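One structure below.
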Amino acid sequence: MRADGARSGPDGPVGLFGEGVPRALVFALGGMPLDVKAPPLSDSVDGPRSAIVDTVAEPFLDPFATRFLHRFAAGAFDDFATLIFARDDVAALAAYQYALELRRLGHLPDRGPRLYLWNLLHTDSAPAAAFNATELDRLTRHLSEALGTALDAGRLSDAVAAETRRVNALRGLPVGGPDAFVARNAGRWIAPDAHVALLSDLAQQPGPKIALVGTACDIPVLHDLCAGQGQVIADLQDYGRVAVQPDSGDRLGDIALDPLSPRAAPPGRYTQALHAGIQGADLVIASVDANDDSFGWELPGLRAAAKAQGARFLDLGFRPFRPDAAWQDRARARISEALS
């Protein structure tokens, strides 16, 4: 189920672009949080097209941002109460800035959802905690206005408990395998308890242990490529791991201290978390999209860390947004060779 197709239930749809937005807070205020970064799987590779977006979207833009802008211009989110963009996400920041500017310049009508940038500092200093508390208050006020509701402590507590049940259930799933990938990510468009009710037991894949690293991949293509060749024990890409669940009370501690946030501070925390995440792997597979301007800097260190633990390292290079059969065949052969 994808964001453009999710409209069931009484709650107002609230679009989330990027990781780290407190979903429980959205639920507590009467919203239904829906991922809008991942394009609908029912779309063609490019989905809807907008002439004005084609004019202003430079080729170096992250493909998630470009495809969002085309959907935004086509009115895919017109009945959303608001769209929340995570400052930590490179694609989200670009999508927010371009969408805002297209409206400001009058290229797109000022209708549809509000646009909001969610900014959080990912360190544990007292000034950062004070800043984050202010940002949480701002987000709460914005959601209250957009949804026409007031925050109730009891409803927030219930929402946090529901998200806790969800994450506990997801942690019982195997990391690897296409089915586990789909089951894990379905929660981006389904309420917690409904999601938990749909989860079923899945078997871990046999074979050598594989860790996946790289830029965001919203489809199970890499898990498909590894199926039958080994077991994915770690997927450290966005959409690969279980998203950190927020403490939606006063502290936002879990989100702020997530070491795999791209803006974790000091930056070494992010690198250390990546190196810890590949521990135990026999093969580390890296792939990034052609517009990556950050994760590639981690690859030399990851290669050295893999070698130090006796693991092989395979860099698949640039991964197309929707890899075709030829790319997948080449990648599958390279994985097979690396494991032989």
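Can you list residue pairs whose Cβ atoms sit under 6 Å apart, with the first residue in the stretch 81-96 being aromatic (Phe, Trp, Tyr) and the second being open to solvent by 20 Å² or more (accessible area, probe 1.4 Å) and not in a strand (DSSP E or B)? Count only pairs 6 or more apart in sequence or on different chains. What qualifies is PHE85/TYR96. Looking for something over 24 Å from ALA183 (Cα atoms), modelled with pLDDT under 90 and either in contact with an Asp or Glu (Cβ under 6 Å, 6 or more places away or on another chain) or not basic (Lys, Arg) (or both) - is there at least one such residue anywhere in the stretch 23-46? The answer is yes; a qualifying residue exists. Pairs meeting the criteria (first residue in the stretch 105-131 and of a type in the set (Lys, Arg), second residue surrounded by 11 or more Cβ atoms within 10 Å (Cβ to Cβ), beta carbons under 7 Å, at least 6 apart or on different chains) are ARG111/ASP78; ARG114/THR82; ARG114/ALA146. Just checking, which of ALA325, ALA286, ALA305 is over 23 Å from the mean Cα position of the chain (by Cα), crowded, with 18+ Cβ neighbours inside 10 Å and farther than 30 Å from ALA130 by Cα? Answer to the check: ALA305.
The helices (runs of 4 or more DSSP H) found entirely in the stretch 110-191 that carry 3 or more residues being touching a helix residue (DSSP H, G or I) at 6+ places or on another chain (Cβ under 6 Å) and of a type outside the set (Ser, Thr, Tyr) are 153-170, 178-185. Considering the stretch 208-227, the residues that are free of Cβ contacts under 8 Å to residues at least 60 places away in the same chain and either surrounded by fewer than 22 Cβ atoms within 10 Å (Cβ to Cβ) or out of contact with any strand residue (DSSP E or B) (no Cβ under 7 Å at 6 or more places or on another chain) (or both) include one that is farthest from ASP293 (Cα to Cα), namely ALA227.
Considering (1) surrounded by fewer than 16 Cβ atoms within 10 Å (Cβ to Cβ); (2) of a type in the set (D, E, K, R); (3) under 22 Å from the mean Cα position of the chain (by Cα), the lone condition that ARG141 does not fulfil carries the number (3). Checking each residue in the stretch 328-340 for being surrounded by fewer than 13 Cβ atoms within 10 Å (Cβ to Cβ), of a type in the set (Gly, Ala, Ser) and not in a loop (DSSP other than H, G, I, E, B) picks out only ALA333. Scanning the stretch 55-92 for residues that are of a type in the set (Gly, Ala, Ser), assigned to a helix (DSSP H, G or I) and over 19 Å from ARG319 (Cα atoms) yields ALA73, ALA92. Within the stretch 47-75, the set of residues being crowded, with 18+ Cβ neighbours inside 10 Å, among the polar types (S, T, N, Q) and out of contact with any Leu (no Cβ under 8 Å at 6 or more places or on another chain) comprises THR66 only. For ARG166, the stated conditions do not hold, so it cannot be described as open to solvent by 40 Å² or more (accessible area, probe 1.4 Å) and of a type in the set (Lys, Arg). For the stretch 317-340, enumerate the residues that are of a type outside the set (Gly, Ala, Ser) and either closer than 12 Å to ALA211 by Cβ or free of Cβ contacts under 8 Å to residues at least 40 places away in the same chain (or both). Residues satisfying the conditions are PHE318, PRO320, ASP324, TRP327, ASP329, ARG330, ARG334, GLU337.
The set of residues in the stretch 202-227 that are part of a strand (DSSP E or B) and either on the phi > 0 side of the Ramachandran plot or modelled with pLDDT under 95 (or both) contains only GLY214.
Across the stretch 94-109, the number of residues qualifying as in contact with a strand residue (DSSP E or B) (Cβ under 7 Å, 6 or more places away or on another chain) and open to solvent by 20 Å² or more (accessible area, probe 1.4 Å) comes to 2. Taken over the stretch 268-283, the criterion of being touching a helix residue (DSSP H, G or I) at 6+ places or on another chain (Cβ under 8 Å) and either open to solvent by less than 10 Å² (accessible area, probe 1.4 Å) or not in a helix (DSSP H, G or I) (or both) is satisfied by LEU274, ILE278, ALA281, ASP282, LEU283. Going through (1) closer than 28 Å to ASP179 by Cα; (2) at pLDDT 95 or above; (3) in a helix (DSSP H, G or I) one by one, PHE313 falls short only on (3).
Just one residue in the set GLY112, GLY172, GLY177 is buried (at least 16 other Cβ atoms within 10 Å of the Cβ) and modelled with pLDDT under 90; that residue is GLY112.
Scanning the stretch 77-88 for residues that are touching a Pro at 6+ places or on another chain (Cβ under 9 Å) and open to solvent by less than 20 Å² (accessible area, probe 1.4 Å) yields a total of 5.
The values are calculated or read from the model by the stated rules, or taken from the named source; none is laboratory data. Values in this document were obtained by computation on a predicted structure and should not be read as measured data. Note: ideal-geometry Cβ built from the backbone for every residue, glycine included; neighbour counts use all protein chains shown. Surface areas here come from the heavy atoms of the whole protein model, side chains and all, with no ligands, DNA or RNA. Shrake-Rupley method; radii C 1.70, N 1.55, O 1.52, S 1.80 Å.
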